[in-house]
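Just below is one structure, and these are the notes that go with it.
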Amino acid sequence: MYSIPRAGRRTLCDNGLMPRVTELTVNGARRRIDADPERTLLSVLRDGLDLTGTKYGCGEGQCGACTVLLDGQPVRSCITPLSAAAGKQITTIEGIHHPLQDALLEADAMQCGYCTPGMIVSGVALLNKNPNPSREEIVRHMNGNICRCGTYLRIIAAIQKAAQSHA
């Protein structure tokens with residue numbers, strides 16, 4: 001379900017170093033940057049582009065707080081090298097406007113809010129792929145997005161509600 005993107009073929013510069021990444025497409029807009037291709041996508045989004053909605057959780061790709069969409073697929077940005085995102089469409093929580101956001105609020109599914117961006121991004125990825133998922137499909141897809149407050153049942157209900165309202 002979640003993968004670690006692999007960088008494409010790498011071209012060496014004259015000095016033997018990998019070329020720096022100078023542009024990303026984030027939330028539909030081209031953004032100029034100057035970053036080491038081995039930096040994590042998360043660090044560039046947060047520190048380089050000031051898109052702080054995507055959270056740093058575990059740093060190991062296990063909790064889901066850092067989830068973003070890369071060409072529509074959910075990835076853990078804390079373990080994704082910038083080189084794997086170059087030339088692709090990156091969507092962060094700041095670029096998402098979806099009925100799931102309202103459904104999560106209505107279901108009172110978010111308490112502390114730290115997991116919220118990753119939950120929304122992952123849930124939207126599921127609903128884009130499968131507009132009418134079963135409860136089991138929701139649970140399977142959202143597995144790996146950790147909510148320390150334990151509101152999983154409300155999160156599932158919100159995704160089901162968003163699916164119904166989006167239909």
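None of the figures in this text is laboratory data; all of them are computed from the coordinates on show. Worth saying up front: this structure is predicted, and the values here are computed from it rather than measured. Here Cβ is always computed from backbone atoms with ideal geometry, including for glycine, and neighbour counts include all displayed protein chains.
Over all Cα atoms in the chain, the spread is summed up by Rg and Dmax: 16.4, 56 Å. For segment 96-166, the C-alpha radius of gyration sits at 0.95 times the compact-globule guess of 2.2 N^0.38 Å, with N the residue count. Sorting 46, 32 by the number of Cβ atoms found within 10 Å of their own Cβ, with the fewest placed first, yields 32, 46. Please work out the Cα center distance from segment 22-94 to segment 117-158, rounded to the nearest Å. So the separation of the two Cα centres works out to 20 Å.
Taking other C-beta atoms within 10 angstrom as a stand-in for reagent exposure, 83, 122, 77, 134 fall in the order 134, 83, 122, 77, fewest first. Each residue of segment 78-90 is assigned a 3J(HN,Hα), and the resulting list reads 6, 10, 9, x, 3, 4, 6, 9, 4, x, 10, 7, 10 Hz, derived from the Karplus form 6.51 cos²θ - 1.76 cosθ + 1.60 (θ = phi - 60°), x at Gly and Pro. Based on Cα contacts under 8 Å between residues 6+ apart, the chain shows a relative contact order of 23 percent.
Each Lys or Arg adds one and each Asp or Glu takes one away; over the other residues whose Cβ falls under 14 Å from the Cβ of residue 23, this sums to +4.
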